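Visitor: One structure follows; several queries about it will come next.
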Amino acid sequence: MKRKDYITWDEYFMGVAKLAGFRSKDPGTQVGSCIVSQDNKILSIGYNGLPRGCSDDEFPWARCAENENDTKYPYVTHSELNAILNYRGGSLEGAKIYVSLFPCNECAKAIIQSGIKTVVYDSNKYDGTPSIEASKRMFEASGVECIQYISTGRKLEIYL
């Protein structure tokens with residue numbers, strides 16, 4: 001008789017996205033993404049961080065500074081864009097992306113242009129901000145479905 005307490009696909013893929021977020025060097029926000037095919041195969045993973053070749057020790061991680069170029073914002077690539085750019089297999093048409101934080105308007109554009117049709121997100125802590133409202137508007141106009149992940153409350157322990 002098979003096990004009955006195995007995790008669901010949604011738990012699995014959101015877990016992978018959240019685990020990817022732990023790779024981020026950002027001291028304030030760690031976001032992870034996992035892109036999945038229509039037949040539940042992981043296509044790509046990403047987390048928020050600096051572009052390849054840019055040292056995590058030489059670029060700023062501050063949220064606020066007198067000069068915007070002394071903050072992380074001009075330099076950090078978001079997890080969704082990283083996952084899209086990391087994909088080496090061809091088309092993402094019809095894929096699903098699991099992301100630990102609702103996508104900003106810039107990531108929404110990349111998601112739409114890549115052909116991803118479903119966004120499953122965990123937190124939406126910036127709901128109501130202009131960026132998130134723009135994302136929602138573009139997703140709706142382009143037919144991208146957004147689904148909030150409903151946690152089962154299951155606790156998983158991984159020993160590394």
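Visitor: Return the residues of the stretch 59-96 that are open to solvent by 40 Å² or more (accessible area, probe 1.4 Å), of a type outside the set (S, T, N, Q), assigned to a loop (DSSP other than H, G, I, E, B) and within 24 Å of Ile147 (Cβ to Cβ); say none if nothing qualifies.
Guide: His78, Tyr87, Gly89, Glu93
Visitor: Still on this model: Does the stretch 40-57 contain at least one residue that is surrounded by fewer than 20 Cβ atoms within 10 Å (Cβ to Cβ), of a type in the set (S, T, N, Q), modelled with pLDDT of 95 or more and more than 21 Å from Val76 (Cα to Cα)?
Guide: Checked against the condition, which is being surrounded by fewer than 20 Cβ atoms within 10 Å (Cβ to Cβ), of a type in the set (S, T, N, Q), modelled with pLDDT of 95 or more and more than 21 Å from Val76 (Cα to Cα), the stretch 40-57 yields at least one hit.
Visitor: Right, something else. What's the number of the only condition in (1) modelled with pLDDT under 95; (2) on the phi < 0 side of the Ramachandran plot that Asp70 fails to meet?
Guide: (1)
Visitor: When you check Asp26 against the structure, is it at pLDDT below 95, closer than 26 Å to Ile158 by Cβ and assigned to a loop (DSSP other than H, G, I, E, B), yes or no?
Guide: Here the answer is no, as Asp26 does not meet what is asked.
Visitor: Please find, within the stretch 98-114, the residue that is most open to solvent (accessible area, probe 1.4 Å) out of those that are touching a Ser or Thr at 6+ places or on another chain (Cβ under 6 Å) and of a type in the set (Val, Ile, Thr).
Guide: Ile112
Visitor: On the given criteria, is Tyr75 closer than 22 Å to Leu156 by Cβ, among the aromatic types (Phe, Trp, Tyr) and modelled with pLDDT of 95 or more?
Guide: No; evaluated as a whole, the condition is false for this residue.
Visitor: Also: Filter the stretch 1-21 down to residues that are free of Cβ contacts under 8 Å to residues at least 12 places away in the same chain and not charged (D, E, K, R) and give me whichever is surrounded by the most Cβ atoms within 10 Å (Cβ to Cβ).
Guide: Going residue by residue through the stretch 1-21, those that are free of Cβ contacts under 8 Å to residues at least 12 places away in the same chain are 1-6, 12.
Okay, now just the ones that are also not charged (D, E, K, R), so 1, 6, 12.
Working: Met1: 3, Tyr6: 8, Tyr12: 16.
Restricting to residues being free of Cβ contacts under 8 Å to residues at least 12 places away in the same chain and not charged (D, E, K, R), the top hit is Tyr12.
Visitor: Another question, then. Could you tell me which numbered condition Tyr159 fails, if it satisfies all but one of (1) touching a helix residue (DSSP H, G or I) at 6+ places or on another chain (Cβ under 7 Å); (2) within 22 Å of Lys25 (Cα to Cα); (3) among the hydroxyl-bearing types (Ser, Thr, Tyr)?
Guide: Of the numbered conditions (1) touching a helix residue (DSSP H, G or I) at 6+ places or on another chain (Cβ under 7 Å); (2) within 22 Å of Lys25 (Cα to Cα); (3) among the hydroxyl-bearing types (Ser, Thr, Tyr), the odd one out for Tyr159 is (1).
Visitor: Here's a follow-up. Select, from Ser24, Ser33, Ser44, the only residue that is polar (S, T, N, Q) and over 18 Å from Ala110 (Cα atoms). Full working, then the answer.
Guide: Details: Ser33 fails: over 18 Å from Ala110 (Cα atoms); Ser44 fails: over 18 Å from Ala110 (Cα atoms).
Being polar (S, T, N, Q) and over 18 Å from Ala110 (Cα atoms) holds for just one of Ser24, Ser33, Ser44, which is Ser24.
Visitor: Any residue at all in the stretch 10-19 that's more than 13 Å from the chain's Cα centre (by Cα), modelled with pLDDT of 95 or more, closer than 23 Å to Ala110 by Cβ and part of a helix (DSSP H, G or I)?
Guide: Looking for residues that are more than 13 Å from the chain's Cα centre (by Cα), modelled with pLDDT of 95 or more, closer than 23 Å to Ala110 by Cβ and part of a helix (DSSP H, G or I), one finds at least one in the stretch 10-19, hence yes.
The values are calculated or read from the model by the stated rules, or taken from the named source; none is laboratory data. All values reported here derive from a predicted model rather than from experimental measurement. Quick reminder, even Gly has a Cβ in these numbers, built from the backbone with ideal geometry, and neighbours come from all protein chains shown. Note: areas computed on protein heavy atoms with side chains; ligands, DNA, RNA excluded. Shrake-Rupley method; radii C 1.70, N 1.55, O 1.52, S 1.80 Å.
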